[in-house]
Structure formats: structure tokens, C-alpha cells
Amino acid sequence: MAGRIETIVEMEDRKLCAIIRTDDEDQARQAMRAAVAGGFRMIEFTLTTPGALELIEEFSRLDGADGKRLLVGAGTVLSRKDARQAVTAGARFLASPVTDDEVIDEATELDVPAIPGTATPTEMFIAVELGADIVKVFPAPHDIPTFVRQIRGPLPELRIFPTAGVDEDNFLGILDAGAFGVGFVSSLFRPGELAAGDWGSIEARAERIHGRFREWNPEG
């Protein structure tokens, strides 16, 4: 498996992540298959999803539409045990809603990127000082592009990865502001479509997102 630095480079190249959180394992499986079919090459299963470790193991063996192996991560990682289990299952990055020094330390030991949740420049700076490679923006500020741009003014070295609040309409503005990448959660996996098993709508939305992304970054 690629090491931490190689994974960071790969994440920067792919930039767009599909993140699923649901209370049904098969629903998560089918929805993520639709997202992958629509073009997502970086995906995340939150550990609050039933069967998340099994899903991580399953999808980490699959290729995306580009023929390259999917880049699979784990979300809602809240302990050293969570981190170890996720990486054993095949997770190549570990995301959290909070900044926890033990999770960051375990990620470093496991040679995978840590992506702790942060909401202020101070929290972001502390997370990086603790060893975080990338910082997640959580919860979402009102104007994500402006937030990212203002923080990266004095702190351009930060790899900022917004997730909550990212949608089909604003994600390019967020990337233009200097975000390292973005994650799509409920804006991609809409609760009503999950409940109805409307995988076609999820795939179509993923295709539109990636169509716009290719126009923005033709070589990406």
C-alpha cells in the first residue's frame, strides 16, 4: 500500500471525495457504486455506517472509471482502535469530525494521512502542529470560498479540505479559493434518494460534478 506522502499527492490530484453516512450497509454499497460509476475516484465511508469496515475492504479492491484503483478512506475515526481497524481493512486516509492528538499520532504510526475536523484558524494550526497532514472544515461556514481564501492568506501552507456545505454549485469556487480538495456528503447522497434506492440520480449528479471538474481542470 502506498505511504502517507504518496497518498497525499494522489488526493491532491483527485480532489473530489464522495462521503457516505447512512444507517444501512447495502444502501451505502449501492449508493457508493453509483457515485463511482459517475466518476468519483476518491471515496470515504464513515465508521458510523453499519458494515463500514467491510465496505472499505470491498471498495479498496475496486477500480474507478479511469481504470485506477479507488482511493478509499474512513471517516468519523475517533480512537486509535478505529484507526487501526480502518487501515487494516484498506483505508488510506483517516478523517475525523474533531481534532484528537491520539488519532493523529496513530495515523502517523500507520503511515496514512490524518484529516481532523477544525473550525477556526487556531484549531487548524494546532492540528498541523500535532501532525495532521490535511485539515477538514467542520462545520461549514456560511461562505466557504471566502473562508478558505481568508485563512490561506496568512497560512498558505494549510491543506484545507471542506466537506459539510459543499455542493454541485459551489465546489469549483471552493477549489478556486485554494482548497486542497472537497468532500460531497448529503449534497451527493440525498436522504430521499437513498431511501428510495434512486441510484440513477446519484450517478447522474456525480457525472455532472465530474463534467464540471474536467472543464475546470482538463488534465485532472
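The values are calculated or read from the model by the stated rules, or taken from the named source; none is laboratory data. As the structure is a computational prediction, the values presented were derived from the model and not from experiment. Positions of Cβ are backbone-derived with ideal geometry, glycine not excepted, and every protein chain shown enters the neighbour counts.
So the values come out like this:
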{"read-out": "Residue within segment 104-115 that is at pLDDT 95 or above, under 19 Å from Leu175 (Cα atoms) and either polar (S, T, N, Q) or out of contact with any Cys (no Cβ under 9 Å at 6 or more places or on another chain) (or both) present", "value": "yes"}
{"read-out": "So Gln85, is it free of Cβ contacts under 8 Å to residues at least 24 places away in the same chain and of a type outside the set (Gly, Ala, Ser)", "value": "no"}
{"read-out": "Candidate set: segment 75-107, residues that are small (Gly, Ala, Ser) and more than 22 Å from Glu129 (Cα to Cα); chosen: the one nearest to the chain's Cα centre (by Cα)", "value": "Ala91"}
{"read-out": "Pairs, first under 14 Å from Pro97 (Cβ atoms) in segment 108-132, second among the basic types (Lys, Arg) and surrounded by 24 or more Cβ atoms within 10 Å (Cβ to Cβ), C-beta under 7 Å, six or more apart", "value": "Ile115/Lys136; Pro116/Lys136; Gly117/Lys136; Thr118/Lys136"}
{"read-out": "Check on Arg92, surrounded by fewer than 17 Cβ atoms within 10 Å (Cβ to Cβ), at pLDDT 95 or above and either closer than 22 Å to Ser60 by Cβ or not charged (D, E, K, R) (or both)", "value": "no"}
{"read-out": "Answer residue from segment 52-81, given it is under 24 Å from Asp111 (Cα atoms) and of a type in the set (Gly, Ala, Ser) and is surrounded by the fewest Cβ atoms within 10 Å (Cβ to Cβ) among those", "value": "Ser79"}
{"read-out": "Some residue of segment 185-201 being in contact with a Phe, Trp or Tyr (Cβ under 7 Å, 6 or more places away or on another chain) and touching a residue at least 60 places away in the same chain (Cβ under 8 Å)", "value": "no"}
